[in-house]
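Before any comments, here is the structure.
The values are calculated or read from the model by the stated rules, or taken from the named source; none is laboratory data. These figures come from a predicted structure and were not determined experimentally. For neighbour counting, all protein chains shown are included, and Cβ atoms are generated from backbone atoms with ideal geometry for every residue, glycine included.
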Amino acid sequence: MKTFPFALISYPGYAKNVYVIIICLFIGVVAAALVSLYHKYVLGSFVRFLLESGAKDEDSAIRLDSTKFDKNFFVRRAIMNGRTYASVLRQIAPDGAPAGKQTRKQRAAQLSATSFYIPEDLSFRADNMFSKRGTGVGSAIFGVLIFVIVAAVCLLVVPAIVEMFSSFIS
């Protein structure tokens, strides 16, 4: 009678499942690399702009429509979403901003007229979260290539180990 762990190894679809797991892990690694690059380069450009411009309090806040980011779909979406920039970015709503239900055009106009700044006590955090240091295109490609090598080794070695255990048990 086989014990529990070895019963799973002798399951006929085990090798096929290993391939599926490794492919899913590969997709996850590539997705994580792309999200990291998007976060650093696309969304981080707005934070770096505010840091470089010295927008550190309400008096030095910069209106979105006076920047090149006013028409940037991704930055506008991240600001409206609120989660990406919530820990470092502060905003000042324009005077006379209507409360309640608004049309899409009204929300877009209000967002363009909103001023943004990064408080001085949060500038270190903002720099760490959104700087270009760390994850770059080269390191993302390197990480994906390393994973491909490890996955290839696993796909070649794991079936041999499974076969060895199967023959050892039977």
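For this structure, a couple of remarks:
- Search result, residues across segment 96-129 that are out of contact with any strand residue (DSSP E or B) (no Cβ under 6 Å at 6 or more places or on another chain), in a loop (DSSP other than H, G, I, E, B) and among the hydroxyl-bearing types (Ser, Thr, Tyr): Thr103
- When residues of segment 111-149 are limited to those that are within 26 Å of Asp65 (Cβ to Cβ) and of a type in the set (Val, Ile, Thr), the one modelled with the lowest pLDDT: Thr114
- Of all residues in segment 78-95 being touching a Leu at 6+ places or on another chain (Cβ under 7 Å) and assigned to a loop (DSSP other than H, G, I, E, B), the one that is farthest from Arg107 (Cα to Cα): Val88
- Checking each residue in segment 35-76 for being assigned to a loop (DSSP other than H, G, I, E, B) and not aliphatic (A, V, I, L, M) picks out Gly54, Lys56, Asp57, Glu58, Asp59, Ser60, Thr67, Asn72.
- Only one entry of Lys105, Lys68 meets the criterion of being at pLDDT 90 or above and of a type in the set (Lys, Arg), and that entry is Lys68.
- Filter pass, Ala126 being under 26 Å from Ser36 (Cα atoms) and touching a residue at least 60 places away in the same chain (Cβ under 8 Å): yes
- Qualifying residue in segment 50-63 (condition: in contact with a Cys (Cβ under 7 Å, 6 or more places away or on another chain) and either hydrophobic (A, V, I, L, M, F, W, C) or at pLDDT below 85 (or both)): no
- Residue tally, condition exposed (fewer than 13 other Cβ atoms within 10 Å of the Cβ), closer than 30 Å to Asp59 by Cβ and either in contact with a Ser or Thr (Cβ under 6 Å, 6 or more places away or on another chain) or among the hydrophobic types (A, V, I, L, M, F, W, C) (or both), over segment 107-147: 1
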